[in-house]
Amino acid sequence: MDSSRISLRPFELSDADDFLTWARDDKVTRYLRWETITSKEEALMHIQQVAIPHPWRRSICLDDRSVGYISVRPESGNDRHRAHIGYAIGSDHWGLGIVTVAMKMAIPSVFEKFPFIVRLEALVEEENVGSQRVLEKVGFVKEGFLRKYGFNKGEIRDMLIYSFLRTDKIA
């Protein structure tokens, strides 16, 4: 994959059709906290009410078409030095290295925008091996296994926790 074809940018309402292409895929939303999106109206509403106002959510674009997203949500108060990072990409783009490239672009941008953040955390379900590989390729450190930690799609699930510190080097 030619990395010059990959970019990150804020979501726009004009992304609705491309967003719907991957957000309607149950394979993509399986590990996400939000439900599969089934109509253009839902896609527009999600972009307008969730993606655009989010503290830091970027569309992963291939040739400027939305194929996924990266999201960073800083904690608040005494925990504001930490932020959670999450991502997803359309299943037809799995295994091509697009998310790895996008994450390597996102991390410096996030640390620049939020100078108080010193730690990015990613929680990944145990069976989501593809996501674990992305984090490891970028340079995240696997810190541990959290039993019955995350609630998703009606179940309490085992999770792995990864971190990337401001002082870490992108792999």
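The values are calculated or read from the model by the stated rules, or taken from the named source; none is laboratory data. Keep in mind that what you see is a predicted model, and the values were worked out from it rather than measured. No Cβ is skipped: glycine too gets one built from the backbone with ideal geometry, and neighbour counts run over all protein chains shown. We work out accessible area using only protein heavy atoms, side chains counted, and drop any ligands, DNA or RNA first. Shrake-Rupley method; radii C 1.70, N 1.55, O 1.52, S 1.80 Å.
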Calculate, in nm to one decimal, what H84 and E12 gain on full extension: separation in residues at 0.36 nm each, minus their alpha carbon distance.
-> 23.7 nm
How large is the charge dipole for region 42-137, taken about the Cα centre, if only the Cβ atoms of Lys, Arg (+1) and Asp, Glu (-1) carry charge, to the nearest 20 debye?
-> 380
Could you give the dipole magnitude of the chain about its Cα centre, charging the beta-carbon of Lys and Arg +1 and that of Asp and Glu -1, in debye to the nearest 20?
-> 580
Taking 7 Å along the Cα-to-C-beta vector as the label spot, tell me the S39-K137 distance in nanometres, rounded to one decimal.
-> 3.7
Ignoring ligands, DNA and RNA, what percent of the 1.4 Å accessible area of region 57-113 is carbon and sulfur?
-> 45
DSSP loop chymotrypsin sites (Phe, Trp or Tyr not before Pro) in region 99-171 with at most 13 other Cβ atoms within 10 Å of their Cβ, which ones?
-> F116
Could you give me the ³J(HN,Hα) list for region 141-153, computed from phi with Karplus coefficients 6.51, -1.76, 1.60 and θ = phi - 60°, whole Hz, x at Gly and Pro?
-> 9, 6, 9, x, 10, 10, 6, 6, 9, x, 9, 8, 6
Measure of compaction for region 96-171 (Cα Rg per 2.2 N^0.38 Å) | 1.15
Considering only the other residues whose Cβ falls under 13 Å of the Cβ of V134, what net charge follows from Lys and Arg at +1 and Asp and Glu at -1?
-> +3
Work out the length of the dipole vector of region 108-169 about its Cα centre, built from +1 on the beta-carbon of each Lys and Arg and -1 on the beta-carbon of each Asp and Glu, and round it to the nearest 20 debye.
-> 140
Accessible area expressed per residue, the chain, with surrounding protein chains retained (probe 1.4 Å, Å²) = 53
Which of V28, V72, L13 sits farthest toward the positive end of the charge dipole of the chain, with +1 on the Cβ of Lys and Arg and -1 on the Cβ of Asp and Glu?
-> V72
Between N128 and Y149, the two model label points (7 Å from Cα along the beta-carbon direction) sit apart by a distance in nm of 1.2
Specify the residue with the greatest mean-square fluctuation among G68, G150, G77, computed from a Gaussian network of the chain linking alpha-carbon atoms under 10 Å apart.
-> G77
Quickly estimate the mean residue ellipticity at 222 nm for the chain, helices only: each DSSP H run with n ≥ 4 gives -39500 (n - 2.57), and the total goes over all residues, rounded to 500.
-> -7500 deg cm²/dmol
Formal net charge of residues neighbouring V67 (Cβ-Cβ distance under 15 Å; K, R +1; D, E -1) = -2
Please report, to two decimal places, log10 I(q)/I(0) for region 120-159 at q = 0.20, 0.22, 0.27 Å⁻¹ as given by the Debye formula with identical point scatterers on the Cα atoms and no solvent.
-> -0.60, -0.71, -0.97
Please give the solvent-accessible surface of E127 in Å², to the nearest 10, using a probe radius of 1.4 Å with every protein chain present.
-> 90
Using a 1.4 Å probe and ignoring any ligands, DNA or RNA, find the accessible area of R73 and quote it in Å² to the nearest 10.
-> 120
Taking the dipole of the chain about the Cα centre (Lys, Arg +1; Asp, Glu -1; charges at Cβ), the one of H46, F116, S59 that reaches farthest to the positive side is F116
Karplus 3J(HN,Hα) series, Hz, for region 161-171 with 6.51 cos²θ - 1.76 cosθ + 1.60 (x for Gly, Pro) = 10, 10, 9, 9, 9, 3, 7, 6, 9, 5, 5
Spin-label point model (7 Å from Cα, Cβ direction): what's the K27 to D92 distance in nm?
-> 1.1
Sort region 30-102 into rounded, prolate or oblate with this rule: let a ≥ b ≥ c be the square roots of the eigenvalues of the Cα gyration tensor; rounded if a/c is under 1.5, and if a/c is not under 1.5, prolate when a/b is larger than b/c, oblate otherwise.
-> oblate
P(r), alpha carbons of the chain - 10 Å bins starting at zero, rounded % = 10, 39, 40, 12, 0
